[in-house]
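Novice: First the structure, then my questions, so here it is.
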Amino acid sequence: MSIIIPAYNEERRLPPSLRTILDYLRAQPYTWEVVVVDDGSRDATGQLAAEILDGMPHMLLRNEPNRGKALSVKRGLEESRGQVALFSDADLSTPIEETASLLEAIAEGADVAIGSRQMRESDLAVRQPLHRELAGRAFSLLNRMIVGHGIVDSQCGFKAFTRDAVERILPHQQLSGWAFDAELMLIARRLGLNIAQIPVRWLNDPDSRVKMLVDGPRMVADLFRIRRLHRHLRADSLPANH
């Protein structure tokens, strides 16, 4: 399997996260690789990742210039080699041990397995500030109302895809903003893929890259774009570039 970490100016948070990921993966029975997508970082993110991953199965990709999280995740999914590809935030807000739950869902037949912070069984070990939690829930509600994919928490940065799902979803994906997760989920639904929503443990990192006052309105606008872009998508649709 492939674990994909998009990283932009993460010289502080990425090294301990990579060491934690490697400790976890070395204890697993399956073959694996770690894919770090350095999104045009201006600090030592890429150098530190190369040093830590040296000698381990890995890929270190670099965007130049910075292209944003959405395109970094997309590139990592496309270029990774695992039969299952999972992307995770660099801060490991969802602990890497939750990988097992997503892989179990895929082994049981899911095409896509996503972590959720908003299910009854979810464990919010370190919660967000109240205003961010309420804003997140409001966005989730708007997401379901506008986009209509039925996903409780599309924005949790912990998602796994079979290789077949990657190859079917990504040719249709078009957005580059923070709402790209919602787009991935709508595409998967419209293509008839089986999505498993998995309650996960989650620890808030106060150093969030999403700025609600600036990014929030853009994300809501993107929901309408998602609905418009994919209104005719169905299971037998050709990719957007055909």
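The values are calculated or read from the model by the stated rules, or taken from the named source; none is laboratory data. All values derive from a computational prediction rather than experimental measurement. As a convention, Cβ positions derive from the backbone with ideal geometry for all residues, glycine included, and neighbour counts pool all protein chains shown.
Novice: Between a residue in region 68-95 that is more than 23 Å from M219 (Cα to Cα) and any residue that is of a type in the set (D, E, K, R) and in a helix (DSSP H, G or I), which pairs come within a Cβ distance under 8 Å, given they are 6 or more apart or on different chains?
Specialist: Every condition considered, the pairs that remain are G82/R163; Q83/R163; V84/R163; A85/R163.
Novice: Looking at region 147-170 only, could you name the residues that are farther than 23 Å from E98 by Cα, modelled with pLDDT of 80 or more and loosely packed, with under 15 Cβ neighbours inside 10 Å? Step through it out loud before you land on a result.
Specialist: So the first thing to find is which residues in region 147-170 are farther than 23 Å from E98 by Cα, and the list is 147-149, 167-170.
Adding the requirement that they be modelled with pLDDT of 80 or more leaves 167-170.
Hit for region 147-170 is E167, nothing else.
Novice: A follow-up question, please. Anything in region 53-69 that is at positive phi and under 17 Å from the mean Cα position of the chain (by Cα)? List them, or say none. If you could, list the steps in order and put the result at the bottom.
Specialist: Initial filter on region 53-69 (at positive phi): 55, 68.
Listed by number, the list holds a single entry, G68.
Novice: Applying the selection to region 37-59, what residues are out of contact with any Lys or Arg (no Cβ under 7 Å at 6 or more places or on another chain), within 18 Å of R12 (Cβ to Cβ) and aliphatic (A, V, I, L, M)?
Specialist: Correct list: A44, L48, A49, A50, L53.
Novice: Can you find even one residue in region 114-131 that is in a helix (DSSP H, G or I) and either crowded, with 22+ Cβ neighbours inside 10 Å or under 19 Å from the mean Cα position of the chain (by Cα) (or both)?
Specialist: Checked against the condition, which is being in a helix (DSSP H, G or I) and either crowded, with 22+ Cβ neighbours inside 10 Å or under 19 Å from the mean Cα position of the chain (by Cα) (or both), region 114-131 yields no hits at all.
Novice: Cβ-Cβ distance below 6 Å, separation of 6 or more or different chains: which pairs start in region 140-161 with a residue that is more than 18 Å from A113 (Cα to Cα) and end on one that is polar (S, T, N, Q) and buried (at least 23 other Cβ atoms within 10 Å of the Cβ)?
Specialist: Between residues of region 140-161 that are more than 18 Å from A113 (Cα to Cα) and residues that are polar (S, T, N, Q) and buried (at least 23 other Cβ atoms within 10 Å of the Cβ), the close pairs are N143/S154.
Novice: Then there's this: Just to check your reading of the model, which residue among R190, R137 is at pLDDT 80 or above and surrounded by fewer than 22 Cβ atoms within 10 Å (Cβ to Cβ)? Reasoning before the result, please.
Specialist: Values: R137 fails: at pLDDT 80 or above.
So the residue among R190, R137 that is at pLDDT 80 or above and surrounded by fewer than 22 Cβ atoms within 10 Å (Cβ to Cβ) is R190.
Novice: Which of the following residues is buried (at least 17 other Cβ atoms within 10 Å of the Cβ) and either in a helix (DSSP H, G or I) or without any contact (Cβ under 8 Å) to a residue 24 or more places away in the chain (or both): L22, L61?
Specialist: Details: L61 fails: either in a helix (DSSP H, G or I) or without any contact (Cβ under 8 Å) to a residue 24 or more places away in the chain (or both).
Result: L22 is the single residue among L22, L61 that is buried (at least 17 other Cβ atoms within 10 Å of the Cβ) and either in a helix (DSSP H, G or I) or without any contact (Cβ under 8 Å) to a residue 24 or more places away in the chain (or both).
Novice: While we're on this one: Hey, among S72, S80, which residue is among the hydroxyl-bearing types (S, T, Y), on the phi < 0 side of the Ramachandran plot and out of contact with any Ser or Thr (no Cβ under 7 Å at 6 or more places or on another chain)? Steps first, please.
Specialist: Numbers: S80 fails: out of contact with any Ser or Thr (no Cβ under 7 Å at 6 or more places or on another chain).
It is S72.
Novice: If I ask for residues that are of a type in the set (A, V, I, L, M, F, W, C), assigned to a helix (DSSP H, G or I) and more than 17 Å from A49 (Cα to Cα), which ones from region 69-95 would you list?
Specialist: From region 69-95, those of a type in the set (A, V, I, L, M, F, W, C) are 70-71, 73, 77, 84-87, 90, 92; that's our starting set.
Adding the requirement that they be assigned to a helix (DSSP H, G or I) leaves 70-71, 73, 77.
A70, L71, L77 - these are the residues of region 69-95 that are of a type in the set (A, V, I, L, M, F, W, C), assigned to a helix (DSSP H, G or I) and more than 17 Å from A49 (Cα to Cα).
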